[in-house]
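Worksheet: one structure, shown below.
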């Protein structure tokens with residue numbers, strides 16, 4: 001970063017994938033010089049704008065949102081549609097908003113089934129989220145990416161953040177695969193930083209790093225090394241594609257896949 005003149009920066013932006021504290025602090029310190037607030041922002045094409053965001057006048061926590069953007073009646077609900085704080089739930093919107101999608105082109109039934117079929121009159125966005133004791137909001141990844149190990153529901157972002165705590169890991173993607181004992185087991189795909197080489201010792205170190213943060217019960221069944229992860233054009237990891245490629249299943253619609261070669265990386269991962 002020393003090659004670039006960054007003194008004129010006043011605000012930093014972030015959107016897309018859930019990220020980990022190490023990356024947040026790197027961005028804040030190295031790019032923003034420890035002085036620029038990071039405006040975390042999340043919305044969607046089907047929302048025509050934002051759902052959660054930050055401001056430059058409120059306190060921040062790494063990776064968090066300060067709350068719903070103006071005009072959005074947002075909540076986090078448990079499986080019984082009750083508001084939940086301090087735990088993981090579905091990110092929802094309770095009331096109509098400006099720019100609200102009216103339907104899918106020539107497929108109104110799919111629109112209703114996708115967003116409105118879970119609970120009457122409530123838009124379910126499809127993301128896991130949580131609100132902590134200080135009122136900060138966090139998005140933890142797609143709810144259909146959820147991993148359930150021995151009855152414990154786990155967001156892939158939790159595993160990925162734990163893996164990225166190891167100094168060798170540049171980025172990671174976690175999926176759940178069928179397991180006869182636990183119901184599902186965790187498989188973690190990692191991209192290494194320059195200067196590190198795949199190996200059994202490093203594989204075990206990464207597993208131990210994850211266990212140290214999440215507990216022995218959530219130890220990955222396997223850690224696989226790849227050079228790239230399948231992503232969309234806006235850099236969101238396609239865990240559905242990773243899981244299908246790993247299990248040898250049909251991948252479905254991959255029109256938003258930016259780097260098809262990464263699918264072969266998953267299939268050949270060691």
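Of note:
- From the Kirkwood radius over Cα pairs of the chain, Stokes-Einstein at 4 °C and 1.567 mPa s returns a whole-number translational diffusion coefficient of 65 µm²/s.
- Evaluated at q = 0.13, 0.14, 0.22 Å⁻¹: base-10 log I(q)/I(0), Debye formula over Cα of segment 146-268: -0.48, -0.56, -1.34
- Sequence-distant contacts, meaning Cα pairs under 8 Å at least 6 residues apart, place the relative contact order of segment 12-140 at 21 percent.
- Taking 0.36 nm per residue of separation and subtracting the Cα-Cα distance, full extension of the segment from residue 255 to residue 30 would add 77.5 nm.
- Among beta bridges that DSSP assigns inside segment 146-268, antiparallel share in %, nearest 5: 75
- Cβ-Cβ FRET estimate between residue 107 and residue 212, R0 fixed at 45 Å, reported to 0.05: 0.45
- Principal axis box of segment 12-140, alpha-carbon based, largest edge first, Å: 49, 30, 23
- Using C-alpha pairs below 8 Å separated by at least 6 residues, the relative contact order for the chain is 12 percent.
- Every helix of 4 or more DSSP H residues in the chain counts as -39500 (n - 2.57), and over all residues that averages to -6000 deg cm²/dmol at 222 nm.
Bear in mind that the values in this text are calculations on the coordinates, not laboratory data. From a predicted model like this one, the values you see are computed outputs, not experimental measurements. Cβ coordinates were reconstructed from backbone atoms using ideal geometry, including for glycine residues, and neighbour counts include every protein chain displayed.
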